[in-house]
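The values are calculated or read from the model by the stated rules, or taken from the named source; none is laboratory data. Bear in mind the structure is a predicted one, so any value in this text is a computation, not a measurement. Every residue, glycine among them, receives a Cβ derived from its backbone with ideal geometry; neighbour counts consider all protein chains shown.
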Amino acid sequence: MLLREVEYVRPASVEEAIRLLAGSDGARALAGGQTLINVMKARAAAPDVLVDLADLAELRTIAFSADESLLEIGAMVTSTELASSSEVEVARPILAEVVSTIADVQVRNRGTIGGNVCVNDPTNHLPPLLSALAATFTIRGAGGERTISAGEFFVGVYMTAVGPGELLTKVSVPTRRPGTGDAMEGVTLGAHGTYIVSAAATVGPGGARVAIGCVSSVPVRATQMEGRLAAGDFSEGAVRAAAEGLGASLDPPSDVHASADYRRHLAEVSAVRAVLKAAERAKG
Amino acid sequence: MATTPATSRAISVEINGTTYEREVPASRLLVHFLRDDLDLTGTHVGCDTGSCGACTVLVNGQAVKSCTLLAVQADGAAVRTVEGLASEDGDLTALQQSFSDHHALQCGYCTPGMLMSATALLERNPQPSEDDVKIALQGNICRCTGYWNIIDAVVAAGKGGAA
Amino acid sequence: MTAVEIEPGTLQKGAAIGQSVPRKEDKRLVQGQGVFVDDVKRHGMGYLHFVRSPYAHAKIGSVDVSAALELPGVYGTLTGDEVAILTDPFFQISSPPGAHVKDYALAVGKVRYLGEPVVAVVAETRELARDAAELVSVDYEPLEAVVDARTALAAEAPLLHEECGTNMSWEGVYEWGDLDAAFAEADHVVKIGELHFHRFNSTPLETDGALVEYNRGVGQWTIHTNNQFPGFAGIMMGPALRVGIDKLRFVTQDIGGGFGNKITTHPQLVAACLLARKLRRAIQWTEWRTDFHQSMSHGNERWFQDTEVAVKADGTLLGFRTKAIDDAGAYLRYEPLGGVIWAQVAAGLYKWRNIRLEFTQAMTNKAPVSPNRGYSRMQQLWFTERVIDIVAQELGFDPVEIRKRNYVQPEDMPYETPNGCVYDSGDYPRVLDLALELVGYGSIEERRREAAARGKLLGVGIGSTLDSGTNNFAQSRLINPELQFSGNNEVATVKLDLFGEVIVTLGTTPQGQGHETTAAQVVADIIGCSVDQVHVRAGHDTYWNSHAGFSGTYASQFAVTGLGAVKGASDMLAGQMKQLASMVLQCAPDDIELGEGFARIKGVPEAALPFMALGAIVNMNNAGFPEDPPTLNCRYVYRPPFELPDLERKFGNLTLTYATQIHACVVEIDRETGVTEIVDYAAVDDCGTRINPRIVEGQVMGATAHAIGAALWETFAYDDEGNLLTPNFYDYHVPHALDMPPLKTAAIESPSPFTPLGTKGMGEGGGGGIHCICAAIQDALRAAGGAIVSDSHNPYHRVWELLRDPEATRANVEVVSR
């Protein structure tokens, strides 16, 4: 509803932002604010200091790595920017496709890739997608910079490896190689609504990567399914057989939108659909 | 620029072409700054979770929910609200007229937000399709009309020329 | 979407009536110049924030506001103890046991639902009021909660209101015809174990609110608010505050949607009134969305148990018996009127003559219910539509044929139902045919096959519904014979002003229905001027003296009561204008005609007086008349023709008009996920004479959208502890633009023989969309196990359950055949 009293600061550099975040236990980074401000309105969290990253141009770039194997996306890049980026279109169009289904235009104009992954709400779009894409996450703090995998980055509900006094600076997504296809499937609460269950899949020469969202505190890789698909048979029968037991291996929550059983079922169905679609795209 | 933490700030915001300089608490949402501090009550509050879009305004040309933006974040920005659409003499824009022509409003509470989202759309995409319009208005809840007439109104405004 | 215009009615229309005149309201609303309650400001006003119960059921121990009062900028507080001293409990509509409920503006001694206001805090800014609320300390002793009306009725259930001795608020048995004979004659008896209509509401985009000022010198409150039934609010608030009704001035202008959900705000308004008096400043209250979801105006949840339907071999429905259990929530704010209002449509659209319904209402630890779009009739109509679809499926009848066989026919109109209600006019078979045509019913089987090839189950469904309008409030006596309510009324004034302007005031409180426009259309045609020359004041104000006891905008009645009053006042004014003109022009009044802004002698165009001349004469130039000229300031009270019902037999006419809406839709269900998509939709309406067809269509569309939302996504679901699981728009998903199916509409006009203009009230819509979506889902599932849809709410997970275990719902239905 309304925020408690809070201090606000808008630093001019990443170093200054890190210094401010390290300077107080109650300091939080403010990116697009689409989650944080609503959390503060509900008074579910009350940071003492908001460190607004809006002026940090360094975090707003989209560029290829030197060897063009990665697309490096600044943490403050918005969904709208991702959706209209020619680099994304060329390198990994699934990103644009998926962010275009996040909520609505207003949210996409402000919401950032950094915010979406750092919030790590189990229903968020990007954590499972980036897990499937084998993205890496660069975190900078006073002690320096490190780059880690999705499995290391997503730690728990609303928790990531970004510690106090640290900032996620960029997300690096492998550029799509020939013979690779990506897809994200699932069931949402209404069109472009919140996910009830999501599944992201990448199919390529090396096999498949499948990550399920909304079923645990972090995106879950369907490792058994991936193992069965390593042989490279992506026919419908093979994919369905590969997915068998995926639901039973999960322990998803029950809530007003879905029972645990229904989520288990949707996880299997969505994983199959995502892999089949990704495989189809890998051909084209 | 704000480089030391403070609980309130002096901000300068351009709203519908007029620059306002005010001291505001950091905790104040842009929508309350508009409505309570500046008496621009055309922008409405319909929820407390950033879900309904009744508070939609344009910030630097982009549609945003002013309930999910702090007033201090708008420091230095150019904001447009529903009050800035019609001319000083009350000449409605083609979009506003199209809303009335198509019965795209009943209670009128969602209407300012709808108009701002649609204005942003038409400025980017002067002749949007029905699907383009639905996507642009997806973040604006209406409980009276069912959206059908609103979508028709925006499509028609597009076909008619500049908004 | 396409709108198809079918044969406008036979009423002779003037230049304005019957035309889709652009709305007068639009100019201000598209510029953001509407005045909604949160837009109203007063110097020095204090912002009110309610401290609300975090428990569904608890005793209140101590309440400590001292820390809140110490915060700079806090003006004061109000607690339940103060309320209990300063006010009397709200009047209870119910007979015992519900009559014993003690209901106050704040919780007194106990809280009975999550979100119940316990303390009110007022501060200089919104933020401070919110901050101060956190400093209020309340000691609760949690109690066990009961959240299911069925278990609330059990003897061992936790008791909400000790004074009642039971959680049952009201019960009554309705029986008409001869049930024994009907069941003896039946060739088949279809038994349905349990049907469930769920709890939801219309979530108007503007929440409740008020700006209350107190004039100490005359003891007068001015309440700027968006309450949509000031007549009812006054009846509740006056006695509670121990003041006469005239001490409560209600002022509304623009209201951001009501749908019935803004009728029962009197508790919060009383709290604001007390604070305005206590703190000697204006009090501003705007409800938060979460608070609205948690605490306000849920619709009636209702079970229909042990239903038995008597059917003949040819598909004729002879009658039914059922037991309805209704959930009123924690307090009775407009209840138990829901216990009789359903009877307006007891028979639905059907001709069966033998009906028995045992109605039992229970109180539970959930938000108190209030009228919600389609109030109580929607639940009954959903029941009749489920019955006819289940009977059709079980006995192998075609859903269209069985409806046409059993519909009340146009030649039967006006038709008296078994309980004495009179359906005024209508042609249900014709409306049904139009809906089916628009939804492409003829090609359904082909579409079904095509969808199956894509892995989708396709189904088509019909939802017939009636929008009964203009209540006879005497029906409240069927709930409580001691009540002194009956009939209905609405008021309008129409005057010719000094400069010839035609000025209209209404008693209504529109929330988007376009009253300013439709009223102006009626006035313009009767007075003889253009719509632009008629000025209708926006909103409602007690001080206009343009209201009566039942004034407000609710229950689909404006087109009858409001416009009836407008017509009456306009007729009076027209007569007076002719009389005055005849005095001036020296002829007989019958020689005068009014048109184009002039009063003139018929056939003598140069003998004409402009309206301005007439207005000037009565206002400022009235010497020299041999007798008093008329005032040209006319006030008319419209009273619908009603009798008192027979309380013994529960028999009588409860509503004046019955608009028809028949909806048809096509759905596709994903076999693997249960996700249901509406792929085609038609809504056909018949509300008699349409003053402004476009406004009528807008109401049909809105009702459709609400029904789609409720059918697929919207539910106020609680856990066992009484926590609301859908307290905001994240989890309570309402339809957005991308969720809407393609829509086709059409209309016919069967004028009502009972109303001044042949109009019928419309707007609520009767929930037709819920009925047809349920029917379509059931139809789609015939190819996948034949589950029976027995719940009004069918989100994806429920449809998946129906796919996964059709037998569970099939077990709910039994056919006993001769």
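Miscellaneous remarks
- Residues of segment B:78-117 classified as surrounded by fewer than 19 Cβ atoms within 10 Å (Cβ to Cβ), more than 10 Å from chain C (Cβ to nearest Cβ) and either modelled with pLDDT under 95 or outside any helix (DSSP H, G or I) (or both), total: 5
- Residue ID - nearest to the other protein chains (Cβ to nearest Cβ), chosen from residues in segment B:45-77 that are within 21 Å of B:ARG22 (Cα to Cα) and assigned to a loop (DSSP other than H, G, I, E, B): B:LEU69
- Segment A:75-114, residues that are within 19 Å of A:LEU168 (Cβ to Cβ), not aliphatic (A, V, I, L, M) and not in a helix (DSSP H, G or I): A:THR78, A:SER85, A:ARG92, A:GLY111, A:THR112
- Of the residues making up segment B:32-44, those that are closer than 19 Å to A:MET40 by Cβ and in contact with a helix residue (DSSP H, G or I) (Cβ under 6 Å, 6 or more places away or on another chain) number 1.
- Taken together, C:ARG377, C:ARG353 contain a single residue that is touching a residue at least 24 places away in the same chain (Cβ under 8 Å) and surrounded by fewer than 24 Cβ atoms within 10 Å (Cβ to Cβ), which is C:ARG353.
- Every residue from segment A:109-156 that is surrounded by fewer than 23 Cβ atoms within 10 Å (Cβ to Cβ) and of a type in the set (Val, Ile, Thr): A:VAL119, A:THR123, A:THR136, A:THR138, A:ILE139, A:THR147, A:ILE148, A:VAL155
- Residue in segment C:696-716 that is surrounded by fewer than 24 Cβ atoms within 10 Å (Cβ to Cβ), over 19 Å from the mean Cα position of the chain (by Cα) and within 14 Å of chain B (Cβ to nearest Cβ) present: yes
- Checking A:GLY179 against (1) surrounded by fewer than 17 Cβ atoms within 10 Å (Cβ to Cβ); (2) within 14 Å of another protein chain (Cβ to nearest Cβ); (3) under 21 Å from A:PRO93 (Cα atoms); (4) not polar (S, T, N, Q), the condition it does not meet: (2)
- Helices (runs of 4 or more DSSP H) contained entirely in segment C:734-818, each with at least 3 residues that are surrounded by 24 or more Cβ atoms within 10 Å (Cβ to Cβ) and at pLDDT 95 or above: C:768-781, C:796-804
Per-residue answers, yes or no, for (1) closer than 30 Å to C:VAL74 by Cα; (2) in contact with a strand residue (DSSP E or B) (Cβ under 7 Å, 6 or more places away or on another chain):
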position	(1), (2)
C:LEU135	yes, no
C:TYR140	yes, yes
C:VAL146	no, no
C:THR151	no, no
C:GLU156	no, no
C:LEU160	no, no
C:SER169	no, yes
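- Flag if A:ARG60 is modelled with pLDDT of 95 or more, of a type in the set (D, E, K, R) and either buried (at least 18 other Cβ atoms within 10 Å of the Cβ) or under 20 Å from B:LYS65 (Cα atoms) (or both): no
- Among the conditions (1) of a type in the set (S, T, N, Q); (2) within 11 Å of another protein chain (Cβ to nearest Cβ); (3) surrounded by fewer than 23 Cβ atoms within 10 Å (Cβ to Cβ); (4) under 23 Å from B:ALA63 (Cβ atoms), the only one that A:GLN34 does not satisfy is (3).
- Filtered by the rule that a residue be more than 23 Å from the chain's Cα centre (by Cα) and within 14 Å of another protein chain (Cβ to nearest Cβ), segment C:633-672 gives C:CYS665, C:ILE669, C:ASP670, C:ARG671, C:GLU672.
- Only listed residue being in a loop (DSSP other than H, G, I, E, B), surrounded by 20 or more Cβ atoms within 10 Å (Cβ to Cβ) and either modelled with pLDDT under 95 or at positive phi (or both), chosen from C:GLY44, C:GLY32: C:GLY32
- Taking segment A:196-238 as the range and being within 14 Å of chain C (Cβ to nearest Cβ) and either surrounded by fewer than 24 Cβ atoms within 10 Å (Cβ to Cβ) or in contact with an Asp or Glu (Cβ under 8 Å, 6 or more places away or on another chain) (or both) as the test, the residues that pass are A:SER198, A:ALA199, A:GLU236.
- Selection over segment C:349-373 of residues that are in a loop (DSSP other than H, G, I, E, B) and among the hydrophobic types (A, V, I, L, M, F, W, C) gives a count of 4.
- Residues of segment C:198-222 that turn out to be more than 11 Å from C:SER297 (Cβ to Cβ), in contact (Cβ under 8 Å) with a residue 60 or more places away in the chain and in contact with a helix residue (DSSP H, G or I) (Cβ under 7 Å, 6 or more places away or on another chain), as a count: 6
- Residue check for B:VAL24: touching a residue at least 60 places away in the same chain (Cβ under 8 Å), more than 27 Å from C:THR726 (Cα to Cα) and not assigned by TED's automatic domain parsing to the domain that holds B:ASN140: no
- Elements of type helices (runs of 4 or more DSSP H) contained in segment C:440-536, each with 3 or more residues being basic (Lys, Arg): C:444-453
- Single residue of segment B:1-37 satisfying the filter (farther than 23 Å from A:ASN38 by Cβ, modelled with pLDDT of 95 or more and part of a loop (DSSP other than H, G, I, E, B)) that is farthest from the other protein chains (Cβ to nearest Cβ): B:GLY17
- Cβ-Cβ under 7 Å pairs, at least 6 apart or on other chains, segment C:407-426 side of a type in the set (Phe, Trp, Tyr), far side part of a helix (DSSP H, G or I): C:TYR407/C:TYR428; C:TYR407/C:PRO429
- Screening C:VAL566, C:VAL584 for residues that are modelled with pLDDT of 95 or more and either in a strand (DSSP E or B) or of a type outside the set (Asp, Glu) (or both) leaves exactly one candidate, C:VAL566.
Listed here are the residues, each with its yes/no results for (1) touching a helix residue (DSSP H, G or I) at 6+ places or on another chain (Cβ under 6 Å); (2) of a type outside the set (D, E, K, R).
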position	(1), (2)
C:GLY442	no, yes
C:ARG448	no, no
C:LEU458	yes, yes
C:GLY461	yes, yes
C:GLN484	no, yes
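- Those residues of segment A:71-90 which are surrounded by fewer than 22 Cβ atoms within 10 Å (Cβ to Cβ), in contact with a Phe, Trp or Tyr (Cβ under 8 Å, 6 or more places away or on another chain) and farther than 21 Å from A:ASP55 by Cα, in sequence order: A:GLU87
- Subset of segment A:134-171 [within 18 Å of A:LEU20 (Cβ to Cβ) and touching a Lys or Arg at 6+ places or on another chain (Cβ under 7 Å)]: A:ILE139, A:GLU166, A:LEU167, A:THR169
- Entry remark, segment A:5-19: residues being surrounded by fewer than 16 Cβ atoms within 10 Å (Cβ to Cβ), among the charged types (D, E, K, R) and either more than 7 Å from chain B (Cβ to nearest Cβ) or out of contact with any strand residue (DSSP E or B) (no Cβ under 8 Å at 6 or more places or on another chain) (or both) number 2 in total.
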